[in-house]
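Step one of this worksheet: look at the structure below.
The values are calculated or read from the model by the stated rules, or taken from the named source; none is laboratory data. These numbers come from a predicted model, not from an experiment. When we count neighbours, we look across all protein chains shown, and the Cβ atoms used for this are built from the backbone with ideal geometry, even at glycine.
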Amino acid sequence: MIPSIADSRPLEERLARRTARMGANAIREILKVASQPGMVSLAGGLPAPESFPLEIIRTLADDVLAEQGAAALQYNATEGYGPLREALVPFLAARGVETGIDGITVFSGSQGVLDTMAKVLISTGDVIAIESPSYLGAISAFNAYEPNYVSVATDEDGVIPEDLARLLDEHPVKLLYLVPTFQNPTGRTLSLARRKAVAELLRAHDVLLLEDDPYSSLRYEGEALPPIHAFAPEHVVYTSTFSKVLAPGLRLGFSVAPTDLARWLVIAKQGVDLHTNTYGQAIAAAYLAEGHLAAHLPHILDLYRPRRDALLGAMDTYAPPGWRWSRPAGGMFLWAEGPAELDVLGLYERCVAGGIAFVPGQFFFANGGGETTMRLNFTSAEAPVLERAVSEIMRTAAAMSDGVSAAVPVPA
Ligand SMILES: Cc1ncc(COP(=O)(O)O)c(C=O)c1O
């Protein structure tokens, strides 16, 4: 039996004060339920395993060992593996992020960037402005540094600049955190005009933005938009990841920061893990530099686009009157809002009992709200499964609003 820590003192007395802000979040519990055998899950945020370029990775893994031998398995620079940072410069430029190699730091996932940014910038009580709703993993990372949050209002075009301006006037905001493209959880994208307006506000108020961009490569239609970084590079730390275009298990993300701040990110990272794994970085460097990403990305888009279309089509067909939902041009999520009287937690419980999971949207709001919303993932299940799941969720929702107790059958 594994013993628990000596019980002479309550555990809370042993733990650092910051742990008071570090509770397990509700979504983790939902994902546990959603991953039970037989569950049809629209809850998770996982890329489809069939999107991983297994054969390419196998070849590159062999090539790296053959060409670099033990060096690929040796300790390496905290900033990141040189060839990967070099390959990232043109990759980022194509996205509109202009930087030299010195601005780039490789992290163990963009989650590592979120944590390190807060570690370097946030003292207890400092104010972070976040979108409402926002990516919960960021809030979990930030919480350990005991910030206070203020929420910026959003609509279909992302954060509302007038509301951001008001917040920046009223609060000493130290850091703004945004996911401007195909946001998690809403799938929404900040319009070009608003990107420029946000950049102007950053300059006018001399505030730093952490621009989190895991999803912009997953665009199924329309023209790419420049990142906010393009309009105010001195006020933006940009982060992205290989998780959605290669494989999340490799844990590879990166930041682009003004060089003086990049130095601090490196110092902080050194204390955490010395550096991100060399072997994975060497594989990713070859994946970029040899053109494999450019060749493989269309396959990922061709896999996800019909799934998004199926989910949207099912919403059009099955959502009862009074529902609204986003029409994401990319990413992994659709955001739906039911009528005012809808009990989404009750709907969630009934659906889970019937073998279908989604995430009630209220958990993505740091300061309350969103009680009638939900997040639906469309990358992890095939189109017919998504259609069946939406039809059952909506049938159950309609039955609830009719006051009828619906028994939800487990879909085949
Ligand atoms: C908005 C956002 N930021 C960051 C991450 C973390 O990604 P990574 O795997 O690069 O740590 C995710 C993961 O889903 C995400 O949705």
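The figures follow:
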item	result
Wholly enclosed helices (runs of 4 or more DSSP H) of the range 192-289 bearing at least 2 residues within 16 Å of the ligand (Cβ to nearest atom) and of a type in the set (G, A, S)	278-289
Residue in the range 25-80 that is farthest from V359 (Cα to Cα), counting only those that are among the aliphatic types (A, V, I, L, M) and assigned to a loop (DSSP other than H, G, I, E, B)	A77
Qualifying residue in the range 110-122 (condition: over 12 Å from L175 (Cβ atoms) and over 21 Å from the mean Cα position of the chain (by Cα))	no
Filter result for the condition that a residue is closer than 30 Å to Q281 by Cβ and out of contact with any Gly (no Cβ under 7 Å at 6 or more places or on another chain), over D102, D169	D102
Close pairs from the range 150-168: first closer than 15 Å to F364 by Cα, partner at pLDDT below 95 and surrounded by fewer than 17 Cβ atoms within 10 Å (Cβ to Cβ), Cβ under 7 Å, at least 6 apart	S151/N367
Some residue of the range 338-356 being of a type outside the set (A, V, I, L, M), touching a residue at least 24 places away in the same chain (Cβ under 8 Å) and under 21 Å from D155 (Cβ atoms)	yes
Given (1) under 20 Å from T189 (Cα atoms); (2) more than 16 Å from the ligand (Cβ to nearest atom), index of the condition Y304 fails	(2)
